[in-house]
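Novice: Provided herewith is a single structure, encoded as structure tokens, for subsequent inquiry.
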Amino acid sequence: MEKTQSQQWAERLRAVMPWGSSTCAKSPRFMPDEPGVIVRGKGCRVWDADGREYIDFRNSCGPVTLGYQFPPVDAAIREQLQNGIIFGHPHPLECEVAEMLCEVIPCAEMVRFFKTGGEAIAACIRVARFHTGREHIVQIGYNGWLNSLAHGGRLLPGQIAEDYPPGVPCCLSSLHHPGTWNDIGTMERLFTDFEGQIAAVVIAADYANMAAGERFYPALRKLTHKHGALLIFDEIVTGLRVALGGVQEYFGVVPDLAVFAKGIANGMPLSVYAGKREIMEGFHTAIASSTTGGETLSLAAAKAALLTYQNEDVIGHLWHQGERLHNGLNALFAQYDLPVEMTGFPVCGPFRFAPEAPDDLSERFFRAAYRNGVSLFHVPYVNFSHHDKDIAEALERLEKACQEVS
Ligand SMILES: Cc1ncc(COP(=O)(O)O)c(C=O)c1O
């Protein structure tokens, strides 16, 4: 049988690129049902190289929060393009977007930009070490590949290192320690074992059990204060999704530093590291810098995206459509007797396959979803362009997928 365009692209990619993708999570696992490449997106839908259409819940693994080709964002990028992309001095947009972020992020007295979430977290870790004069870092969750350093820490969002992360020197690894979401006992033990040595706790939420943040975040705030360590929130997924100002706004716990990235600019590459003035001033000495941090197309996109969030109830919409998706899927799983459920907050809640589920159930379900025109991710993300009819249509397509696997 002749290979599809998608298959041909996937083969070419694998020939020139490890994983066949620059992003591990985007590497297709379930071909030929899954698309090998996506060539276009509009609203909440994407099309592959063979013209197959999918209602999309991958949203580039989170950043597309408003929708593909979202008109105000695209218009802002086009307008800025007429004046240039990047310059040898700061651009007024760098100031405007920084000011807007100081208004909406509770911990933000000063902010700065990078391109990826991981490098912004690395900058926070550096300034935390400088500020406290300590070297050890505790990390909860995945904080980007270049911070995947701890023995037994996260290599990727869904992958824990069994040993030292491959390629990481032991001496560096020994300064990083994995903590566990909602386990304050382990955190207390780490602070006892490394008394006076922990510079910061970096925490990304466990999306399956987000509600536990209600108790865990305040407990961590108290513990870090007690031991003179900084608290750094990785809001790369939760920012502009759970609330405009992320989990710090939602749970009312203000960290010392925070990173926002996905969602800031509807998919344009931009990350934000923000925090208290006295700590951020440390960057005058503890250097973090990148040529492209103030690139203006992404900043124009960020300004348009933030204005949209402020003028329209984007967060309310994400919660509403996320709930419809979660409730609809949970009803289908019950109806077709599939041992799966949607968990966590519906704006970023993952699938949970029950321990008794057959090993191949998730693969069969994801394949069937693709075959029926729904592109899923382990955390299915809704965006502002998923309207009632799109969620209804997605659930109709997913019902067919449930029938096929049940
Ligand atoms: C919670 C979290 N932190 C950090 C990162 C890394 O961000 P980036 O891929 O932009 O470096 C990710 C990426 O998936 C993430 O989900």
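Novice: Can you name the condition, by its number, that E109 falls short on among (1) in contact with a Lys or Arg (Cβ under 6 Å, 6 or more places away or on another chain); (2) closer than 21 Å to G179 by Cβ?
Specialist: Among (1) in contact with a Lys or Arg (Cβ under 6 Å, 6 or more places away or on another chain); (2) closer than 21 Å to G179 by Cβ, the lone unmet condition for E109 is (2).
Novice: Only one of G67, G62, G20, G43 is in contact (Cβ under 8 Å) with a residue 40 or more places away in the chain and in contact with an Asp or Glu (Cβ under 9 Å, 6 or more places away or on another chain). Can you tell me which?
Specialist: Numbers: G67 fails: in contact with an Asp or Glu (Cβ under 9 Å, 6 or more places away or on another chain); G62 fails: in contact with an Asp or Glu (Cβ under 9 Å, 6 or more places away or on another chain); G20 fails: in contact (Cβ under 8 Å) with a residue 40 or more places away in the chain.
Just a single option satisfies the conditions, and that option is G43.
Novice: Can you tell which of L306, L297, L318 is aliphatic (A, V, I, L, M), buried (at least 17 other Cβ atoms within 10 Å of the Cβ) and in contact with a Lys or Arg (Cβ under 7 Å, 6 or more places away or on another chain)? Lay out the reasoning, then the answer.
Specialist: Values: L306 fails: in contact with a Lys or Arg (Cβ under 7 Å, 6 or more places away or on another chain); L297 fails: in contact with a Lys or Arg (Cβ under 7 Å, 6 or more places away or on another chain).
The conditions single out L318.
Novice: For segment 222-252, what are the residues that are charged (D, E, K, R) and either in contact with a strand residue (DSSP E or B) (Cβ under 6 Å, 6 or more places away or on another chain) or surrounded by 18 or more Cβ atoms within 10 Å (Cβ to Cβ) (or both)? Give the derivation first.
Specialist: From segment 222-252, those charged (D, E, K, R) are 222, 226, 234-235, 241, 249; that's our starting set.
Of everything in segment 222-252, those that are charged (D, E, K, R) and either in contact with a strand residue (DSSP E or B) (Cβ under 6 Å, 6 or more places away or on another chain) or surrounded by 18 or more Cβ atoms within 10 Å (Cβ to Cβ) (or both) turn out to be D234, E235, R241, E249.
Novice: So, Q310, is that one touching a Phe, Trp or Tyr at 6+ places or on another chain (Cβ under 9 Å), polar (S, T, N, Q) and assigned to a helix (DSSP H, G or I) or not?
Specialist: Numbers: touching a Phe, Trp or Tyr at 6+ places or on another chain (Cβ under 9 Å): no; polar (S, T, N, Q): yes; assigned to a helix (DSSP H, G or I): yes.
Answer is no for this residue.
Novice: I121 versus (1) without any contact (Cβ under 8 Å) to a residue 24 or more places away in the chain; (2) under 17 Å from the mean Cα position of the chain (by Cα): which is the lone unmet condition?
Specialist: Answer for I121: the failing condition is (1).
Novice: Only residues that are closer than 29 Å to I77 by Cβ and surrounded by fewer than 24 Cβ atoms within 10 Å (Cβ to Cβ): list them for segment 253-277, please.
Specialist: M268, P269
Novice: Give the residue that is nearest to G117 (Cα to Cα), with candidates limited to residues of segment 145-180 that are among the β-branched types (V, I, T) and touching a strand residue (DSSP E or B) at 6+ places or on another chain (Cβ under 8 Å).
Specialist: Taking the candidates together, the pick is I160.
Novice: Has segment 172-180 got any residue that is farther than 23 Å from P63 by Cβ, hydroxyl-bearing (S, T, Y), within 16 Å of the ligand (Cβ to nearest atom) and exposed (fewer than 14 other Cβ atoms within 10 Å of the Cβ)? Steps first, please.
Specialist: First pass over segment 172-180, keeping only residues farther than 23 Å from P63 by Cβ: 172-180.
Restricting the remaining residues to those that are hydroxyl-bearing (S, T, Y) gives 173-174, 180.
Filter again for within 16 Å of the ligand (Cβ to nearest atom), leaving 180.
From what's left, exposed (fewer than 14 other Cβ atoms within 10 Å of the Cβ): 180.
Yes.
Novice: Here is a further query. Among the residues of segment 89-141, write down those that are part of a helix (DSSP H, G or I) and among the hydroxyl-bearing types (S, T, Y). Explain how you work it out, then say what you get.
Specialist: Initially, segment 89-141 is screened for residues part of a helix (DSSP H, G or I), giving 92-104, 117-132.
Answer for segment 89-141, where residues must be part of a helix (DSSP H, G or I) and among the hydroxyl-bearing types (S, T, Y): just T132.
Novice: Mind checking which residues of segment 19-46 are part of a helix (DSSP H, G or I) and within 16 Å of the ligand (Cβ to nearest atom)?
Specialist: Just the residues of segment 19-46 that are part of a helix (DSSP H, G or I), to begin with: 19-20, 24-26.
Residues satisfying the conditions are W19, C24, A25, K26.
Novice: Among the numbered conditions (1) of a type in the set (D, E, K, R); (2) in contact with a Ser or Thr (Cβ under 7 Å, 6 or more places away or on another chain); (3) modelled with pLDDT under 95, tell me where D50 comes up short.
Specialist: Every condition holds for D50 apart from (3).
Novice: Right, something else. Can you go through R352, R364 and tell me which one is assigned to a strand (DSSP E or B), away from the ligand (no atom under 16 Å from the Cβ), of a type outside the set (A, V, I, L, M) and surrounded by fewer than 19 Cβ atoms within 10 Å (Cβ to Cβ)? Quick ask: steps written out before the conclusion?
Specialist: Values: R364 fails: assigned to a strand (DSSP E or B).
None of the others qualify; the one that does is R352.
Novice: On the given criteria, is E188 touching a Phe, Trp or Tyr at 6+ places or on another chain (Cβ under 8 Å), more than 16 Å from the ligand (Cβ to nearest atom) and part of a helix (DSSP H, G or I)? Give the derivation first.
Specialist: Details: touching a Phe, Trp or Tyr at 6+ places or on another chain (Cβ under 8 Å): no; more than 16 Å from the ligand (Cβ to nearest atom): yes; part of a helix (DSSP H, G or I): yes.
Against the criterion (touching a Phe, Trp or Tyr at 6+ places or on another chain (Cβ under 8 Å), more than 16 Å from the ligand (Cβ to nearest atom) and part of a helix (DSSP H, G or I)), E188 does not qualify.
Novice: Turning to a different aspect of this structure: Would you pick out the residues in segment 44-93 that are on the phi > 0 side of the Ramachandran plot, in contact with a strand residue (DSSP E or B) (Cβ under 6 Å, 6 or more places away or on another chain) and crowded, with 17+ Cβ neighbours inside 10 Å?
Specialist: Within segment 44-93, the first condition is being on the phi > 0 side of the Ramachandran plot, and the residues that meet it are 51, 59-62, 67, 69, 84.
Among the residues that remain, those that are also in contact with a strand residue (DSSP E or B) (Cβ under 6 Å, 6 or more places away or on another chain) are: 67, 69.
Correct list: G67 only.
Novice: Name the residues in segment 47-88 that are within 16 Å of the ligand (Cβ to nearest atom) and either under 23 Å from G294 (Cβ atoms) or in a loop (DSSP other than H, G, I, E, B) (or both), would you?
Specialist: Of the residues in segment 47-88, the ones within 16 Å of the ligand (Cβ to nearest atom) are 57-65.
Correct list: F57, R58, S60, G62, P63, V64, T65.
Novice: Identify the residue in segment 128-152 that is within 16 Å of D193 (Cβ to Cβ), surrounded by fewer than 20 Cβ atoms within 10 Å (Cβ to Cβ) and without any contact (Cβ under 8 Å) to a residue 60 or more places away in the chain and, among all such residues, is farthest from the ligand (Cβ to nearest atom).
Specialist: H151
Novice: Which pairs do you get when a residue that is assigned to a helix (DSSP H, G or I), found in segment 377-406, comes within reach of a residue that is among the charged types (D, E, K, R), reach meaning Cβ atoms under 6 angstrom, with the pair 6+ apart or on two chains?
Specialist: Every condition considered, the pairs that remain are I391/R324; V405/R364.
Novice: Under the condition of being assigned to a strand (DSSP E or B) and buried (at least 16 other Cβ atoms within 10 Å of the Cβ), which residue from segment 153-163 is farthest from the ligand (Cβ to nearest atom)?
Specialist: The initial filter retains those residues of segment 153-163 that are assigned to a strand (DSSP E or B), namely 154-156, 159-160.
Next, only the ones that are buried (at least 16 other Cβ atoms within 10 Å of the Cβ) stay: 154-155.
Values: R154: 9, L155: 12 Å.
The residue in question is L155.
The values are calculated or read from the model by the stated rules, or taken from the named source; none is laboratory data. In this text, all values refer to a predicted model and were calculated from it rather than measured experimentally. Positions of Cβ are backbone-derived with ideal geometry, glycine not excepted, and every protein chain shown enters the neighbour counts.
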